[in-house]
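Everything below concerns the one structure shown next.
The values are calculated or read from the model by the stated rules, or taken from the named source; none is laboratory data. For clarity, every value in this text was computed on a predicted model and none was experimentally measured. Counting neighbours? That spans all protein chains shown, and the Cβs are built from the backbone with ideal geometry, glycine included. The accessibility values were calculated without ligands, DNA or RNA, using every heavy atom of the protein model including side chains. Shrake-Rupley method; radii C 1.70, N 1.55, O 1.52, S 1.80 Å.
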Amino acid sequence: MNLACSGLAPNTRGADWVKIAGDNEKLQRGMERLYRLFQKAAVLGSLINPRAGEGDLLVAAFHELQPLLEKALAQETKDDNAHDLSAVGLAKAEMAVTARGLAKAAEILAGQFTLVATNVPYLARGKQEGGIRPGDEGLLEYSERVHPDAKADLATCFVERCLDFCASGGNTALVTPQNWLFLGTYTRLRENLLRQASWACVARLGPRAFETIGGEVVNVALVSFGREKPAEMHRLVGIDATEEKTPSDKNLALRTKPVELVKQNSQLQNPDSRITLEEGGRTALLSAVAHGVHGLGSKDTPCFFRQFWEVAMLGKDWEFLQTTVDKTQFFGGMEQIVFWEQGRGLLHERGQRGEAILVGGMAWKKKGVIISQMNKLCASLYLGDIFDKNAAVVLPSDEAHIPAVWAFCSSPEYNEEVRKIDQNVKVTNVTLVKVPFDLAHWQKVAAEKYPHGLPKPLSTDPTQWLFNGHPNPKVDEASSLISSPKRLEGASTLHVAVARLLGYQWPRQTGSSFPDCPALKADGLEELADKDGIVCLSATKGEAPAADRLNALLAAAFGSEWSSTKARELLAAADSKAKTLADWLSEDFFEQHCALFHQRPFIWHVWDGLKGGFNALVNSELLIPWNRN
């Protein structure tokens, strides 16, 4: 086997290095070339390409350097035998050995081969460091100069380099990250390879493809292409094993799963020339009628983002924020607020310094569909508020198209179409609209599913700022009966009642309004709320026990529906073994309250630890002054 180390670099001055060639000018120039090539070998390794820039015209062919170097090495060995162990003599001997190794490495690196097969190294551009000495060209600069279309990752630089290693008609077979097959960053790389190389095979393995690397750490594909222009009807073989759960299952799928045969040049018709393993076409895209809009983000999210129930009085500085959902639903992701300060405060300053991404404004105060960018791409309707970077808005140019866009984005077909062109766990906002979209078809679907139009904004979830704040799920903002497929039951109903008893009110009850979802008038339960936000579980200072006061509030909320039987039904639905409201308040309330409100409780259960001792529920928002700003 022919082996050489491509990471070895000359550790001496250029002038001393060239002296090894003696008086032979041609070989001196060869040694100079060798020195320049391998100066950065410790950083660049086998990215070094002796053919780059000069083609096959090498001043001294690297194999011609071998006899000279052997002679120099033999001479230094003879000097050593003569007991010339001076520092100068040893340095010359070491240089001669190094030069011989570099000449061999250069000969291999300049060679061309029938087959190049490897698992390329992975290193994203953001993690590539500079040279090993001040002034050295590092990976960033080298990839920018030599591999401009592939520079985003060391892996894709090696895709190009491995193809360069191939002789005409030769092939390279690689294990690479999967993302370069679809990310917009690599559009030009894909276009060039689709036009200049004959693709033999693309096998998408996805995550969990290696025995020694678990989880979602690497998401890989197997690719193979030859160094020759593809024929007009050339087809590539496609295999998708991403859904298989283990390396052995993926191995079996590669050998037994039916393959797809796809015309290579049809991939150029896909959005951004993404590799989809199916014939590309010129179907109209969603981007023809809608934009994909990115949301804002900060490097210090906890400083600016809150759950809305954590701030008693929003004032003008806080804005409502829409974010991701874990399942597709009409209205969701509405539990947060952002300290926006009308766009002129600290978050704006962070954006000016590059510490926050303040984007998404083109969608604010408009309507559309908001997509959670991870995993199944769950969707909700968008009402025009600020939204964060984990969700992107599909914003139709014409609001009349929203029902059709919603019908598509909320369907399983949408996720399937997006995943054909992007298998990343998180999909970019631009990708979300680069999928085929038949407007007429989805308008028909929307008309059949929503003959009276899309539903008006409504939520029966108390963790959403659309919620009306009433314990009775049958009461809407006009105190009339509504028919809602999703009702407050059990713990949710009881917790809303407890919150109202302790003086808490939801945003719409304190003056906030949303499109087609107005602020609410008083519902009468305010009169039963505790003024100081402290309710003792046992009777004290002329106040009835908390359970009695809660029972009275529920009776007012449910009217004739309320009874001891209804109370027991709610307790049972809340997965509580308590038989009475008093037992539920003392034993189960706080744990359930924490779970319901995302472990960010605003009602505290204060207890002195003694059986029969002091127990009280406290509305923290009414006690903490800074919480009102």
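Which members of the range 319-369 meet the condition of being among the aromatic types (F, W, Y) and free of Cβ contacts under 8 Å to residues at least 60 places away in the same chain?
Once the filter is applied, which keeps residues that are among the aromatic types (F, W, Y) and free of Cβ contacts under 8 Å to residues at least 60 places away in the same chain, the range 319-369 yields F339, W340, W364.
Report yes if A231 is more than 27 Å from the chain's Cα centre (by Cα) and farther than 30 Å from F210 by Cα, otherwise no.
Answer is yes for this residue.
Could you say whether any residue in the range 486-495 is surrounded by fewer than 23 Cβ atoms within 10 Å (Cβ to Cβ), modelled with pLDDT under 90 and farther than 23 Å from F590 by Cβ?
Checking the range 486-495: at least one residue is surrounded by fewer than 23 Cβ atoms within 10 Å (Cβ to Cβ), modelled with pLDDT under 90 and farther than 23 Å from F590 by Cβ.
R568 is checked against (1) more than 21 Å from N472 (Cβ to Cβ); (2) surrounded by fewer than 19 Cβ atoms within 10 Å (Cβ to Cβ); (3) of a type outside the set (A, V, I, L, M, F, W, C) and fails just one. What number does that condition carry?
Exception for R568: condition (1).
Are there any helices (runs of 4 or more DSSP H) wholly within the range 533-629 with 3 or more residues that are within 13 Å of V498 (Cβ to Cβ) and of a type in the set (A, V, I, L, M, F, W, C), and if so which?
Here the list reads 546-558, 581-587, 589-596.
Just give me the residues in the range 220-236 being assigned to a loop (DSSP other than H, G, I, E, B) and open to solvent by less than 40 Å² (accessible area, probe 1.4 Å), in sequence order.
P230
Taking the condition of being more than 27 Å from the chain's Cα centre (by Cα), open to solvent by less than 50 Å² (accessible area, probe 1.4 Å) and not small (G, A, S), how many residues in the range 237-262 meet it?
Number of matching residues: 2.
What's the number of the condition Q505 fails, among (1) in a helix (DSSP H, G or I); (2) under 43 Å from the mean Cα position of the chain (by Cα)?
(1)
Could you please find all residues in the range 35-66 being under 46 Å from the mean Cα position of the chain (by Cα) and either modelled with pLDDT under 80 or assigned to a loop (DSSP other than H, G, I, E, B) (or both)?
Passing the criteria: Q39, K40, I48, N49, P50, R51, A52, G53, E54, G55, D56.
Return a yes/no flag: does the range 326-335 have any residue that is among the charged types (D, E, K, R), open to solvent by less than 60 Å² (accessible area, probe 1.4 Å), assigned to a helix (DSSP H, G or I) and touching a strand residue (DSSP E or B) at 6+ places or on another chain (Cβ under 9 Å).
Looking for residues that are among the charged types (D, E, K, R), open to solvent by less than 60 Å² (accessible area, probe 1.4 Å), assigned to a helix (DSSP H, G or I) and touching a strand residue (DSSP E or B) at 6+ places or on another chain (Cβ under 9 Å), one finds none in the range 326-335, hence no.
Can you pull out every residue in the range 411-445 that is among the hydroxyl-bearing types (S, T, Y) and open to solvent by 30 Å² or more (accessible area, probe 1.4 Å)?
T428 - this is the single residue of the range 411-445 that is among the hydroxyl-bearing types (S, T, Y) and open to solvent by 30 Å² or more (accessible area, probe 1.4 Å).
Just to check your reading of the model, which residue among V425, V359, V393, V369 is in contact with a His (Cβ under 6 Å, 6 or more places away or on another chain) and within 26 Å of P271 (Cα to Cα)?
After ruling out the rest, the residue left standing is V359.
Does at least one position in the range 163-171 carry a residue that is among the aromatic types (F, W, Y) and modelled with pLDDT of 95 or more?
No: the range 163-171 contains no residue that is among the aromatic types (F, W, Y) and modelled with pLDDT of 95 or more.
If I filter the range 6-55 down to residues being of a type in the set (K, R) and under 22 Å from C162 (Cβ atoms), which single residue comes out as least open to solvent (accessible area, probe 1.4 Å)?
K40
Return the residue satisfying two criteria in turn: it lies in the range 420-465 and is among the hydrophobic types (A, V, I, L, M, F, W, C) and within 30 Å of R500 (Cα to Cα), and of such residues it is modelled with the highest pLDDT.
Out of the qualifying residues, it is W465.
Considering only the range 292-315, state which residues are in a strand (DSSP E or B) and either touching a Pro at 6+ places or on another chain (Cβ under 8 Å) or among the aromatic types (F, W, Y) (or both).
Scanning the range 292-315 gives a single hit, F305.
Please specify each residue of the range 263-304 satisfying the condition of being within 22 Å of D388 (Cβ to Cβ), surrounded by fewer than 17 Cβ atoms within 10 Å (Cβ to Cβ) and touching a Phe, Trp or Tyr at 6+ places or on another chain (Cβ under 8 Å).
If the condition is that a residue be within 22 Å of D388 (Cβ to Cβ), surrounded by fewer than 17 Cβ atoms within 10 Å (Cβ to Cβ) and touching a Phe, Trp or Tyr at 6+ places or on another chain (Cβ under 8 Å), then C303 is the only one that fits.
Condition first: modelled with pLDDT of 95 or more and under 30 Å from S248 (Cβ atoms). Now tell me which residues in the range 181-200 satisfy that.
W199, A200
Under 8 Å by Cβ, and 6 or more places apart or on different chains, what pairs join a residue from the range 490-511 that is without any contact (Cβ under 8 Å) to a residue 40 or more places away in the chain and closer than 22 Å to C536 by Cα with one that is acidic (D, E) and open to solvent by 10 Å² or more (accessible area, probe 1.4 Å)?
Q505/E526
How many residues are closer than 30 Å to L439 by Cα, of a type outside the set (A, V, I, L, M) and touching a residue at least 24 places away in the same chain (Cβ under 8 Å) if we restrict to the range 263-314?
Residues that pass the stated criteria total 18.
Among the residues of the range 542-561, is any open to solvent by 30 Å² or more (accessible area, probe 1.4 Å), more than 23 Å from F467 (Cβ to Cβ) and in contact with a strand residue (DSSP E or B) (Cβ under 8 Å, 6 or more places away or on another chain)?
yes
Tell me, which residue of the range 431-455 that is under 31 Å from the mean Cα position of the chain (by Cα) and outside any helix (DSSP H, G or I) is nearest to S513 (Cα to Cα)?
Applying the filter and picking the extreme gives P455.
Listed residues T187, T156; which is polar (S, T, N, Q) and in contact with a Phe, Trp or Tyr (Cβ under 6 Å, 6 or more places away or on another chain)?
T156
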